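Student: For reference, the structure I am asking about is given below.
Where a number appears in this text, it was derived from the coordinates with a stated rule and is not lab data. All values derive from a computational prediction rather than experimental measurement. Because the Cβ atoms are built from the backbone with ideal geometry, glycine has one as well, and the counts that use them run over all protein chains shown.
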Amino acid sequence: MAAADQEPHVSADRPSSYQDESYLHGFLGTVGDLQKAGVLQDVVLEVEGRRFPCHRLVLSAASPYFRAMFTSDMAESRQKTVVLQSLDAGMLGEILSYIYSGTLHVSLDKVQPLYQAADLLQLDYVRDTCSSYMAMNVGRSTCVDLYKFADVFYVDSVQNRCLQLIHRNFVEIAFSEEFYSLSVNQLTEIISHDELEVKEETTVWEAVVRWVQYSREDRQHHLPTILPHIRFNLMTSEDTAAILEHALVREDPGSSEVIRNVVPSETSNLKPRLGMTTEMVMLHKSSNKLYSKSNELLFMNPQKGKYISCSYRSEDIPDDVVSLTVTSDNNIYILTESAGEEDDDDDDPDSFHEYLYHYNQARNVWVHAGIPKISIAPTESASGFLVEVDQILYFLAEAKDGDGIQHVRLRKYNRHTDQWQECLQLELYRTYCCKIALSCDRNLYYITDKQMYCYDPSEDTWMERTPPCLEDVQECFTAVAMGTEIFYTNSKFHRTMVYDTELDYWTVLHGWPGPGKLCRPPYLFALENQLHILVEVSDNNREGSPSQYRVYVYDRPVDCWRDLEATLPDETYYYTYGSCAPVARMYLPYLQGM
């Protein structure tokens with residue numbers, strides 16, 4: 001036989017696997033048909049007098065609860081009828097419909113009892129779907145009710161979403177019937193948070209009074225345990241005196257004692273509420289036209305026309321600041337090369353250190369943060385970046401390894417061990433003159449004049465991303481993050497771009513349309529959820545004319561910059577450290593010497 005006519009050799013002993021997709025998809029449908037026809041059912045579930053004939057095998061396959069019941073020595077494993085307690089008959093019907101069809105029907109009126117049933121029967125998909133549905137349907141009319149449910153069943157995602165809405169609308173919600181139905185623990189949980197949108201602390205006290213008086217006989221004895229969560233340090237002495245004369249307090253010696261003795265000492269360091277603070281941009285004032293910084297800071301909000309200058313003693317604020325960052329929970333940190341009186345000896349004479357200071361708003365001073373110093377190797381740049389991602393501090397600095405390869409050395413502060421921990425370093429193609437680091441959408445971004453990288457803390461990995469298109473090599477730039485986007489502009493402010501972190505895509509926006517010549521690179525900042533830029537300009541038509549500071553806000557719907565016509569104090573400013581002007585929520589009475 002010719003070679004062409006020979007049959008191909010097939011190995012008879014080679015194993016193969018085949019998957020019948022039609023069987024997999026049709027199996028559940030067949031099981032559902034058997035249930036509808038009432039065929040082969042071998043157990044009856046009885047709830048609230050209603051009977052549900054089912055199949056032990058199907059129930060055991062779907063639910064660990066039923067699997068344990070029917071495969072153990074429990075009496076139910078031998079019974080024809082099993083009576084279930086702590087279940088709603090209607091919800092069991094919904095659960096069985098899901099088990100036999102794979103389809104789950106959820107609505108706001110039944111999501112809570114459905115979650116309870118799924119929690120008891122250990123149906124993870126149903127439980128997770130219900131919690132996601134509740135989180136998506138948190139609104140002003142539902143947030144308190146859903147919060148109470150989530151608190152009892154420890155549904156953190158729903159509870160946190162509800163708390164956010166309650167805090168944001170506290171003044172309105174505190175007059176609702178739902179608010180009066182809170183337990184004492186739920187009430188204290190709500191009023192303990194910094195995020196309450198209240199202008200005065202007396203608002204919190206008045207809400208507590210209404211809650212107690214709603215059922216005074218049952219609740220008055222809780223008042224001494226609630227009072228420590230009210231921030232009396234934010235009240236005037238007149239307000240405190242009036243509260244001491246309130247009938248609820250006068251009739252309860254324990255409450256009066258808490259206010260007079262315990263509360264002032266325990267709440268003296270409590271932060272102002274979110275609603276009491278104002279977002280302020282921080283700028284260093286310069287001591288001369290050469291832009292050397294002074295010990296004076298300007299806190300400004302040009303939208304509200306507020307400008308507050310604060311002078312500090314040289315020992316109160318470090319001179320050699322390397323980086324400044326404002327964290328998501330409104331803590332302000334600076335990284336400095338000096339350690340003050342708390343410096344100590346180090347075994348390595350070739351290394352130097354950088355230290356963290358924390359801003360104490362109540363005292364309006366900088367203090368040592370109580371975080372270990374960062375050891376900087378001789379091959380490492382001292383001009384690093386301090387960035388916060390998900391309430392974790394990161395320090396980045398460019399360095400060279402033993403082979404002379406350039407990389408970014410990344411460390412994070414571990415609160416549990418009180419140490420700086422090494423993360424995956426980033427290898428660079430070359431040394432970059434212009435670079436910035438910032439956090440956006442739970443990731444860290446390192447942007448240079450040629451490259452852009454994203455660090456994912458959850459995976460400890462670096463990924464290369466699309467960089468902005470710079471017209472000039474080594475051109476300075478400024479950038480700021482808002483939501484899931486990064487805004488960037490170059491030193492001339494004629495090329496502004498926005499980066500979508502989810503799509504890895506840059507879009508070009510309009511640049512500065514204003515008259516005049518920029519005296520130095522501008523600074524972007526995000527204030528009250530709007531993009532702003534601070535520029536120093538001089539008049540093109542007048543030789544030697546003095547420069548002016550101007551603030552522009554970006555109007556996104558019409559893609560243009562609008563001059564706020566803000567009148568900054570007639571000073572020279574040495575911009576603060578980093579890629580953008582830092583913004584923090586400030587309690588103005590502290591700045592003004594309350």
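Student: Determine the relative contact order of the chain: mean sequence separation of Cα pairs under 8 Å and six or more apart, normalised by residue count, in whole percent. Before the final figure, lay out each step's value.
Tutor: Values: 1008 pairs, mean separation 49.4, N = 594.
Over the chain, the number comes to 8 percent.
Student: Suppose the chain between ARG210 and GLU21 were pulled fully straight at 0.36 nm per residue; how much longer would it get relative to their current alpha carbon spacing?
Tutor: Stretched out fully, the ARG210 to GLU21 stretch lengthens by 61.8 nm.
Student: What angle do you read, to the nearest 10 degrees and between 0 and 90, between the alpha-carbon axis of helix 156-168 and the longest principal axis of the chain?
Tutor: Around 50 degrees separate the two axes.
Student: How high is the FRET efficiency between LEU244 and ASP128 when r is their beta carbon distance and R₀ equals 51 Å, given to the nearest 0.05?
Tutor: Given R0 = 51 Å and the Cβ-Cβ separation, E is 0.55.
Student: List, in the order given, every pair from LYS304/LYS517; LYS271/LYS306; LYS285/LYS306; LYS36/LYS110 whose Cα-Cα distance in the structure shown is over 18 Å.
Tutor: Going by Cα-Cα distance, LYS304/LYS517; LYS271/LYS306; LYS36/LYS110 fall outside the 18 Å limit.
Student: Roughly how tilted is helix 111-121, in degrees to the nearest 10 and between 0 and 90, from the longest Cα axis of the chain?
Tutor: 60 degrees
Student: Follow-up question, since we're still on this one. Please state the charge dipole magnitude for the stretch 169-275, taken about the Cα centre, from unit charges on C-beta atoms (+1 on K and R, -1 on D and E), reported in debye and rounded to the nearest 20.
Tutor: Value, rounded to 20: 200 debye.
Student: What angle do you read, to the nearest 10 degrees and between 0 and 90, between the alpha-carbon axis of helix 143-153 and the longest principal axis of the chain?
Tutor: 60 degrees
Student: Taking the Cα centre of the chain as the origin and placing charges on Cβ (Lys, Arg +1; Asp, Glu -1), which of HIS416, GLN41, SER60 is farthest toward the positive end of the dipole?
Tutor: Of HIS416, GLN41, SER60, it is GLN41.
Student: How long is the gain from ASP33 to LEU588 if the chain were fully straight, where each residue apart is worth 0.36 nm and the alpha carbon distance is subtracted?
Tutor: Working it through step by step, the gained length comes to 192.9 nm.
Student: Full-extension gain between LEU40 and GLN425, please, as 0.36 nm times their residue separation minus the C-alpha to C-alpha distance.
Tutor: Values: separation 385, 0.36 × 385 = 138.60 nm, distance 6.21 nm.
Roughly 132.4 nm would be gained on extension.
Student: What residue among ASN185, HIS353, THR202 has its Cα farthest toward the positive end of the dipole of the chain, where the charges are +1 on Lys, Arg and -1 on Asp, Glu, each on the Cβ?
Tutor: It is THR202, whose Cα lies furthest towards the positive end.
Student: What ranking do LEU564, LEU527 get, fewest neighbouring Cβ atoms within 10 angstrom at the top?
Tutor: Ordered by Cβ neighbours within 10 Å, fewest first: LEU564, LEU527.
Student: With only Lys, Arg, Asp and Glu charged, each at its Cβ (+1 for the first two, -1 for the last two), find how big the charge dipole of the stretch 370-503 is about the Cα centre; round to the nearest 20 debye. Intermediate results must be reported in sequence, preceding the final value.
Tutor: Values: 13 positive and 21 negative charges, 82 e Å.
Dipole magnitude for the stretch 370-503 comes out near 400 debye.
Student: According to the square roots a ≥ b ≥ c of the eigenvalues of the Cα gyration tensor, what is the shape class of the chain, taking rounded for a/c under 1.5, prolate for a/b larger than b/c otherwise, and oblate for the remainder?
Tutor: Oblate, because a/c is 1.5 or more while a/b does not exceed b/c.
Student: Also, quick follow-up: If packing is taken as the mean number of other Cβ atoms within 10 Å per residue, what is the order of 321-330, 242-251, highest first?
Tutor: Order by mean packing, descending: 321-330, 242-251.
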